[in-house]
Amino acid sequence: MSDTVIATHGLRKAYGAVTAVDGIDLDVRAGDVYGFLGANGSGKTTTVRMLLGLVLPTAGTVEVLGRPIPRAGREVLPRVGALIEGPAAYPHLSASANLSLMDAAGPGGARRGRGQRIAEVLDQVGLGGVGKRQVRGFSLGMRQRLGLAGALLRRPDLLVLDEPTNGLDPQGIHEIRTLLLDLNRTGTTVFLSSHLLAEIEQLATRVGVLDRGRVVLQDDLATLTAPTGATVVRTPDPARAVRELGDRVLSAEGDRLVVRGSEPAEVNAVLVGAGVPVSGLALDRPTLEDVVLAAAAGSGDRVAA
Ligand code: ATP
């Protein structure tokens, strides 16, 4: 069996003269936390809607969990939990009652144990204490958590989340991040869109970068940010360090030197042996931001995020 969870080929969506998504090939595998990164207006929401069969592509194909979308939607979508754009909820009903309606609306939900499952997902998203309260009084962050609880109800194999931390404070963002990583550890594949580089860098195992409707980068985060083969040295005496290391120094900026060689201990030994104090040592790695900027420049486009 293939471990591909989402595959799109030449996926395109045009709204009149505006091409929102311009021929993208996404490749999301079982066990990924796939971070779908792009600036506002780059086409993330349109893509997510096509993945869920809510918008029909102008061209190209979508497969989710090995089946074509929208054709096999009735079979596949019960296994997919989704949260897109500010979740809808009835304000005069409690959080629990809203979840009960969401559950009842879906196909084939077992009634037995429903109340218990609702209590479980409310706990999971940190709304355990307020399940009986009317949603009317909920903050944006609480509504976002309620939407996530709805997405979790059926223990999905795949979670598709469009900007899931929108409207959350730092504590809330941390909680959702922890929750998503826990779910991923227990086997849920997570696809999440975001315009925040740092968020994707902290969560994702695999990254796709969308820029004006095109994928300019798609790879494992570990590959994208793999060590460069150089060592970063920090020293209070950079001038002497440069003299000792000679043409091994690739760049020097303030107290930070990048030195050829992928063994920090060896670089340390050279410097300490020469009496040069060293205050920091690390393998040199590009940040996700470096990689995204380079990819956007390489594609001739503006910066993606
Ligand atoms: P954001 O983060 O701001 O939601 P996004 O990356 O999700 O942005 P989309 O919402 O997919 O981007 O929009 C991509 C482009 O398609 C934009 O130029 C938008 O104006 C256009 N677009 C999206 N939906 C429609 C629509 N229903 N009709 C016409 N144009 C649309």
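Tabulated values for the structure
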read-out: Output for the range 24-51, where each listed residue is more than 17 Å from THR205 (Cα to Cα), assigned to a strand (DSSP E or B) and more than 14 Å from the ligand (Cβ to nearest atom); value: none
read-out: Which listed residue is of a type in the set (Gly, Ala, Ser) and at pLDDT below 90, from GLY208, GLY131; value: GLY131
read-out: Single unsatisfied condition, VAL242 versus (1) closer than 30 Å to GLY10 by Cβ; (2) open to solvent by less than 60 Å² (accessible area, probe 1.4 Å); (3) in contact with a strand residue (DSSP E or B) (Cβ under 7 Å, 6 or more places away or on another chain); value: (1)
read-out: Residues satisfying the stated conditions in the range 52-73, i.e. more than 14 Å from the ligand (Cβ to nearest atom) and either over 23 Å from ASP219 (Cα atoms) or without any contact (Cβ under 8 Å) to a residue 40 or more places away in the chain (or both); value: GLY53, ALA59, ARG67, PRO68, ILE69, PRO70, ARG71, ALA72, GLY73
read-out: Conditions (1) in a helix (DSSP H, G or I); (2) out of contact with any strand residue (DSSP E or B) (no Cβ under 8 Å at 6 or more places or on another chain); number of the one not met by LEU181; value: (2)
read-out: Residue that is within 25 Å of GLY172 (Cβ to Cβ), in contact (Cβ under 8 Å) with a residue 40 or more places away in the chain and buried (at least 16 other Cβ atoms within 10 Å of the Cβ), where the choices are VAL130, VAL135; value: VAL135
read-out: Test result for VAL48, modelled with pLDDT of 95 or more, surrounded by 23 or more Cβ atoms within 10 Å (Cβ to Cβ) and farther than 26 Å from VAL292 by Cα; value: no
read-out: Residues being in contact with a Leu (Cβ under 7 Å, 6 or more places away or on another chain) and either charged (D, E, K, R) or open to solvent by 60 Å² or more (accessible area, probe 1.4 Å) (or both) - total across the range 160-194; value: 2
read-out: Members of the range 7-23 found to be open to solvent by less than 10 Å² (accessible area, probe 1.4 Å) and near the ligand (Cβ under 8 Å from one of its atoms), listed by number; value: VAL21
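Here's the yes/no breakdown for (1) open to solvent by less than 70 Å² (accessible area, probe 1.4 Å); (2) more than 29 Å from GLN134 (Cβ to Cβ); (3) modelled with pLDDT under 95:
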{"residue": "VAL5", "(1), (2), (3)": "yes, yes, no"}
{"residue": "ASP25", "(1), (2), (3)": "no, yes, no"}
{"residue": "GLY31", "(1), (2), (3)": "yes, yes, no"}
{"residue": "GLY41", "(1), (2), (3)": "no, yes, yes"}
{"residue": "LEU56", "(1), (2), (3)": "no, yes, no"}
{"residue": "LEU65", "(1), (2), (3)": "yes, yes, no"}
{"residue": "LEU93", "(1), (2), (3)": "yes, no, yes"}
{"residue": "LEU101", "(1), (2), (3)": "no, no, yes"}
{"residue": "PRO107", "(1), (2), (3)": "no, no, yes"}
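The values are calculated or read from the model by the stated rules, or taken from the named source; none is laboratory data. Note that this is a predicted model, so its numbers are computed, not measured. Neighbour counts are summed over all protein chains in view; Cβ atoms, including those assigned to glycine, are modelled from backbone coordinates with ideal geometry. For accessibility, only protein heavy atoms count, side chains too; no ligands or nucleic acids. Shrake-Rupley method; radii C 1.70, N 1.55, O 1.52, S 1.80 Å.
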